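To keep things clear, I will list the structure first and then write my remarks on it.
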Amino acid sequence: MSAIMMDGKALAADIKRDVKAKALSMEHPPTLALVLVGDDPASVTYVTHKRRDCADCGIRTVDYTLGAETTQEELLGLVAELNGRRDVDGILVQLPLPSHIHERTILEAIDPKKDVDAFHPFNVGRLMQFVPCYVPCTPAGIMALLRRYDIDPAGKECVIINRSNIVGKPLAMLLLQAGGTVTVCHSRTADLARRCRQADILIAAAGKAGLVTADMIKPGAVVVGVSMARDDAGHICGDFGPAVGDKASYLTPPTGGVGPMTRAMLMVNVLKAAENR
Ligand code: GUN
C-alpha cells in the first residue's frame, strides 16, 4: 500500500483565494501589524513570507522593524499604540524576542481581539473550553487538512508528538473537541513506539529526522508531519523514516504539507479579525 499524499499547498492556495475574495470586498482592507525586533535570520525570512502572503490575499501590512536594542518598555508602548489603532485589525510580534524582553509580558499585552497568533491566555483559555476564538495557525492548518481529506477524528486514537504551546497543546484541544481520544507524547515519554503504534492519526512535530520509523505506524494510519528536519544527506524528511508511506493510508509530504497550511491560517485569522472589527 502506498499512502495518499495530503496536498497542503493546493488547499492553502484555495483558502488564500477565498480570503482574498472576502478581503477585496471589504470597505477597508484587513490590516496586519507585523512587528520584528532584531535581525534573527529565520525570523526575517518568516516575516518576509508573512508580508508576501498578506499582499497575495489583499491584506494590508504595517511593518515595524525594530533594532535588537529596543527595550521592553518601548515594545510595550508600540503594542499599546497598535491596540488602540482602529485601522489595525491584527498584531503579530514575531518570536523569539531578544533575551532582555520578556516574551510572555509582550504576548499578554496584545489585545485578545487582535491576537491573530492566538497566543494570548484569553484565546488559549477559550480554546480549552471549546468556545469560539482565534486558533493557533499550525493546529488550525492540520485540522483543515484532515477535513479536506474527510478524516474525522471522532472515535479515533490520536497521538501527538509535541507538547508546545504553539502546536501540541492547542492541537490536543482541537482533536479532543472533534471527538478524538488524544495522547500527547514528548521527550520524556516512555515507549514512544508503543504509543505511536496505537495511533489512527499520528501527528509528529519533534524536529528529529527519522524519529518515527515504519514499524511504529499502525497499518492504515493517517500520518501528519510538522517538522522540517533533515536527514544525514541534508534532505528534508521531517520526523519520518523511509517506508512510513508504505504503512500509512494518508501522509503529508516533507514540504507542501502543513507548512503552507500554517501560513494560510494566519490569513484566515487576520480576515476574521477584520470581520469582527
Ligand atoms: N516564531 C515562529 N513561529 C511563530 C509564529 O507562529 N508566530 C510568531 N509570532 N512568532 C513565531
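The values are calculated or read from the model by the stated rules, or taken from the named source; none is laboratory data. Nothing here was measured: the structure is a model prediction, and the numbers come from that model. Note: ideal-geometry Cβ built from the backbone for every residue, glycine included; neighbour counts use all protein chains shown.
Consider segment 194-215 and keep the residues that are touching a Lys or Arg at 6+ places or on another chain (Cβ under 6 Å) and of a type outside the set (G, A, S). The one that is nearest to A172 (Cα to Cα) is I201.
Tell me which residues, restricted to segment 176-190, are within 18 Å of the chain's Cα centre (by Cα) and farther than 25 Å from K208 by Cα. The answer is L176, Q177, A178. Taken over segment 217-236, the criterion of being under 23 Å from the mean Cα position of the chain (by Cα), closer than 19 Å to I142 by Cβ and part of a loop (DSSP other than H, G, I, E, B) is satisfied by A221, V226, S227, M228, A229. Taking segment 15-128 as the region of interest, none of the strands (runs of 3 or more DSSP E) fully inside it holds 2 or more residues being away from the ligand (no atom under 13 Å from the Cβ) and among the aromatic types (F, W, Y). Look at (1) closer than 22 Å to G259 by Cβ; (2) touching a helix residue (DSSP H, G or I) at 6+ places or on another chain (Cβ under 6 Å); (3) within 16 Å of the ligand (Cβ to nearest atom) and you find that K9 fails only one, number (3). Identify, from the list E81, E69, E103, E74, the residue that is within 19 Å of the chain's Cα centre (by Cα) and either over 25 Å from R263 (Cβ atoms) or charged (D, E, K, R) (or both). Just a single option satisfies the conditions, and that option is E103. When the residues of segment 229-262 are filtered to those that are of a type in the set (A, V, I, L, M) and touching a residue at least 12 places away in the same chain (Cβ under 8 Å), the one that is farthest from the ligand (Cβ to nearest atom) is A243. Whether any residue in segment 100-116 is surrounded by fewer than 16 Cβ atoms within 10 Å (Cβ to Cβ), among the hydrophobic types (A, V, I, L, M, F, W, C) and at pLDDT 95 or above is what I want to check. No, that holds for no residue. Residues in segment 129-154 that are part of a helix (DSSP H, G or I), more than 12 Å from the ligand (Cβ to nearest atom) and either without any contact (Cβ under 8 Å) to a residue 60 or more places away in the chain or under 21 Å from D89 (Cα atoms) (or both): M143, R147.
Pull up segment 164-196, narrow it to residues that are crowded, with 17+ Cβ neighbours inside 10 Å and of a type in the set (K, R), then point me to the one that is nearest to M265 (Cα to Cα). Here the residue is K169.
Counting only residues that are touching a strand residue (DSSP E or B) at 6+ places or on another chain (Cβ under 8 Å) and part of a loop (DSSP other than H, G, I, E, B), which one in segment 190-205 is nearest to I166 (Cα to Cα)? Filtering segment 190-205 for residues that are touching a strand residue (DSSP E or B) at 6+ places or on another chain (Cβ under 8 Å) and part of a loop (DSSP other than H, G, I, E, B), the one nearest to I166 (Cα to Cα) comes out as A205.
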